[in-house]
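Read the structure below first, then the notes.
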Amino acid sequence: MIKLCVFDFDSTIMDGETIDILAAANNASDEVASITKRSMNGELDFFESLTARVKFLKGMPLSKVDEICKNLPIMPGASELIAALKQKGVKVVVFSGGFHIATDKMQEKLKFDANFANILHHKDGILTGEVGGEMMFGSSKGEMIDRLKGLLNLDKREIMCVGDGANDVSMFRKCDLKIAFCAKEILKKEATHCVDVKDLREILNFIR
């Protein structure tokens, strides 16, 4: 029986990539989107790709970032799936290689139980182009699953993970039910189930 469900954020709970949306608002769309695509396909080291992309956000007003993150598009079916999981007594947690400024706002809307992400550094209300936090490396999600397993006294049979890209591989290897959602081929190879329809409610079919 599933007791914990861990979701990736970008292109899973949120319909798009937060860093690409922010970069577009800072006139760096093409450069950042290209790095994001290669990173999610597993062609680049996640830490190096993240820090390289965040540099393109330097000089952006924090107030502008905040406003954009208030209005990020929600993936179809996200609200219904999370509500259904919580009704079953499942803890719902979101991991993001992106940023708390986005995941915290989405948590207010969708009411998942917790989220782990990174912090965009800023000074005097302006982004510095630097980042730090809990989800900086390709291995971070897997390591956080281990911590949650210990805290909640769970084994891998009681955990479901849902994601779409290469930096979700480490968490997929820590659970038995792993769902690749509209995912890159590198993650589909690690999955027990694949959903290629852009509607998270499809996942309800796999929950026992």
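Quick notes
- Helices that extend 15 Å or more along their long axis by alpha-carbon positions and average at least -1.0 on the Kyte-Doolittle scale are, among the DSSP H runs of the chain, 29-40, 140-152.
- Residue 48/residue 74 FRET efficiency (R0 25 Å; Cβ-Cβ; nearest 0.05): 0.25
- Partners of residue 188 within straight-line reach, counting lysines whose Cα lies under 18 Å from its Cα and excluding those fewer than 8 residues away in the same chain: 37, 141, 174, 178, 198.
- The charge dipole of the chain, taken about the Cα centre with unit charges on the Cβ atoms of Lys, Arg (+1) and Asp, Glu (-1), comes to about 620 debye, rounded to the nearest 20.
- Rolling a 1.4 Å probe over the protein heavy atoms gives segment 104-174 an accessible area of 47 Å² per residue.
- For residue 123, a cut-off of 16 angstrom between C-alpha atoms picks up these lysines, skipping any fewer than 8 places away in its own chain: 55, 58, 64.
- Note on the chain: Cα-Cα pairs beyond 25 Å make up 32% of the total pair count.
- Segment 93-161-segment 187-208 distance, computed between alpha-carbon centres (Å): 21 Å
- Placing unit charges on the Cβ atoms of the charged side chains and taking the dipole of segment 136-208 about its Cα centre, the candidate lying farthest along the positive direction among 154, 169, 204 is 154.
- Gyration tensor (alpha-carbon) shape descriptor, segment 76-172, a/c threshold 1.5: oblate
- Here's how it looks for residue 14: its modeled amide H is under 5 Å from those of 75, which are all 5 or more places away or on a different chain.
- Lysines whose Cα lies under 17 Å from that of residue 86, excluding same-chain neighbours fewer than 8 positions away: 3, 109, 111
The values are calculated or read from the model by the stated rules, or taken from the named source; none is laboratory data. Just so it is clear, the structure is predicted and the values come from calculations on it, not from any experiment. Counting neighbours? That spans all protein chains shown, and the Cβs are built from the backbone with ideal geometry, glycine included. In case anyone asks, the SASA skips ligands and DNA or RNA and just uses the protein heavy atoms, side chains included. Shrake-Rupley method; radii C 1.70, N 1.55, O 1.52, S 1.80 Å.
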